[in-house]
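What follows draws every value from the coordinates through simple rules; no lab data is involved. Given the structure is predicted, the values throughout are model-derived calculations rather than measurements. Here the Cβ positions follow ideal geometry from the backbone for every residue, glycine too, while neighbour counts run over all protein chains shown.
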Amino acid sequence: MTVQGHKTYSEATIWEALKEVMDPEIPVLSLVDLGVVREVKVTDAGVTVVMTPTFAGCPALEVMRRQVEEKLREMAAPNPKVEMVLEPAWTSDCITPEGRRKLESFGLAPPPVHGGDLAIMLNPVVRCPYCGSLQTRVTNTFGSTLCRAIYYCDGCQQAFEQFKPL
Amino acid sequence: MTTATTPTTTTTLDTELLQALVDRLLAMADDEVILGHRDAEWTGHAPILEEDIAMANLAQDEIGHALIWYQLIEDLTGQDPDQMVYFRDAPAYRNVQMVELPKGDWAFTMLRQYLFDLYERLLLDRLLTSAYRPLADAAAKIRREEIYHYRHTSTWVERLALGTDESHRRMQAALDRLWPFAAQLFVPLSGDAALLAAGFFPAMDELRAAWQEAVHSFLTNMNLTLPQTRPVTAERDQHTHWLPILLGEMQMVARIEPDAAW
């Protein structure tokens, strides 16, 4: 669908543009990679982006919301809106395969795909993003942000962070 | 705290049910925001760096969960979450006394968090099937985060209770102090029957029984003795003198500049 007036906007253009909006705490990861953009609606009434929070207390949420609004304004999208929904709840499984690759290259071990299985979620096998060793152990399930846990790699003897499965 | 959620269901609620729902949501929100504040007091003071980080995370999570509950109230009544948190005085708060007590030592902090986390986890499990859809959605969202809390705090309770003589003594002292207060989590509110009838909230009796069973077996396995003290049965509008002191600190900045944009 397109909007009459200034320019034409398809849902695909908006999705493309959102790939340039980065997670403020993980600057290599876009909001699309992170899986927090649920829906883009282009109607006669304007452009609405539907988003969902990662961790409920994440302070980056407000920043992401503002960045999306800014991006929509920058594109001169008509009547831009950001809507927040909780359902279906975001889980770390929502991170795209592309997002997982970017996390690893950034030095953050990606979360395992757990499909809701708590055994996998709570006791994952984690590969060191620096040397690829599986000889790693968790040193703290809480880290520098709500979405990170701290690990230690016995292979290369370095501490690293994991994007925490949720 | 400015993010608005969109209600996923527009239900027409009669006045009595609406009030009952708001009362319960406020109890949940206030419990979490006050506990979150107490947790945050450990920032920079925890016994080891890892725990300093963990407590800051726990605090941030609890405050985030409080925000979700306040937003559900906002969807129903239009009240602004910031106004509710920063501009209500102690008598208007509906948290249990347990969460307003000073942070105490590490054993006290871990045990309080454990007792609360277990209650919250059991409550959220039951809210997954709430007939009030926004509540079920929020429970699904929060529940996974709480799994991390519960694992962390139950491990610490175990470690301290079965650790040294001193850590055991401190954990027992924390239990003696907290046990009567924990009972207040299950004191019914006047609208509970309406909420139960509507399928919005679980029966508090059943929740209490499930909590007691889990707590009893866990703590007695840790060689801890459950005290025979009289439970606190005060209504949620009754507070200790610690709450106004806590609010004085928590609300000070917001009240100095009520119109400031953050």
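Below is a table of values for the structure above.
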item: Residue in segment B:4-27 that is facing chain A (nearest Cβ under 10 Å) and crowded, with 18+ Cβ neighbours inside 10 Å present; result: yes
item: Positions within segment B:65-87 being without any contact (Cβ under 8 Å) to a residue 40 or more places away in the chain and surrounded by fewer than 24 Cβ atoms within 10 Å (Cβ to Cβ), in sequence order; result: B:GLY78, B:GLN79, B:ASP80, B:GLN83
item: Helices (runs of 4 or more DSSP H) contained in segment B:30-126 and holding at least 1 residues of a type outside the set (A, V, I, L, M, F, W, C) and under 26 Å from B:ALA210 (Cβ atoms); result: B:49-77, B:97-100
item: Contacts under 9 angstrom Cβ, first residue in segment A:76-91 being facing chain B (nearest Cβ under 7 Å) and closer than 8 Å to B:ASP137 by Cβ, partner assigned to a loop (DSSP other than H, G, I, E, B) and among the small types (Gly, Ala, Ser), 6 or more apart; result: A:LEU86/A:ALA56
item: In segment A:92-109, residue farthest from the other protein chains (Cβ to nearest Cβ) [restricted to those that are hydroxyl-bearing (Ser, Thr, Tyr) and within 12 Å of the chain's Cα centre (by Cα)]; result: A:THR96
item: Every residue from segment A:48-75 that is among the charged types (D, E, K, R) and within 11 Å of another protein chain (Cβ to nearest Cβ); result: A:GLU62, A:ARG65, A:ARG66
item: Complete set of residues in segment A:53-75 that are part of a loop (DSSP other than H, G, I, E, B) and either touching a residue at least 40 places away in the same chain (Cβ under 8 Å) or over 27 Å from A:ARG148 (Cα atoms) (or both); result: A:THR54, A:PHE55, A:GLY57, A:CYS58, A:MET75
item: Count - residues of segment B:103-128 that are within 14 Å of another protein chain (Cβ to nearest Cβ) and more than 17 Å from the chain's Cα centre (by Cα); result: 1
item: Set A:GLU16, A:GLU20: member being surrounded by fewer than 21 Cβ atoms within 10 Å (Cβ to Cβ), free of Cβ contacts under 8 Å to residues at least 60 places away in the same chain, assigned to a helix (DSSP H, G or I) and more than 11 Å from the chain's Cα centre (by Cα); result: A:GLU16
item: Subset of segment B:211-249 that is of a type in the set (Val, Ile, Thr) and within 21 Å of the chain's Cα centre (by Cα) - its residue that is surrounded by the fewest Cβ atoms within 10 Å (Cβ to Cβ); result: B:THR233
item: Residue among B:LEU195, B:LEU128, B:LEU162 that is surrounded by 15 or more Cβ atoms within 10 Å (Cβ to Cβ), of a type in the set (A, V, I, L, M) and in contact with a helix residue (DSSP H, G or I) (Cβ under 8 Å, 6 or more places away or on another chain); result: B:LEU195
item: Residues located in segment B:90-102, provided they are more than 12 Å from the chain's Cα centre (by Cα), closer than 20 Å to B:LEU189 by Cα and surrounded by fewer than 22 Cβ atoms within 10 Å (Cβ to Cβ); result: B:ALA90, B:PRO91, B:ALA92
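Here's the yes/no breakdown for (1) under 17 Å from the mean Cα position of the chain (by Cα); (2) over 28 Å from B:GLU51 (Cβ atoms):
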| residue | (1), (2) |
| --- | --- |
| A:PRO59 | yes, no |
| A:LEU86 | yes, yes |
| A:TRP90 | yes, no |
| A:PRO111 | yes, no |
| A:ALA119 | no, no |
| A:THR136 | no, no |
| A:THR141 | no, no |
| A:TYR151 | no, no |
| A:PHE160 | no, no |
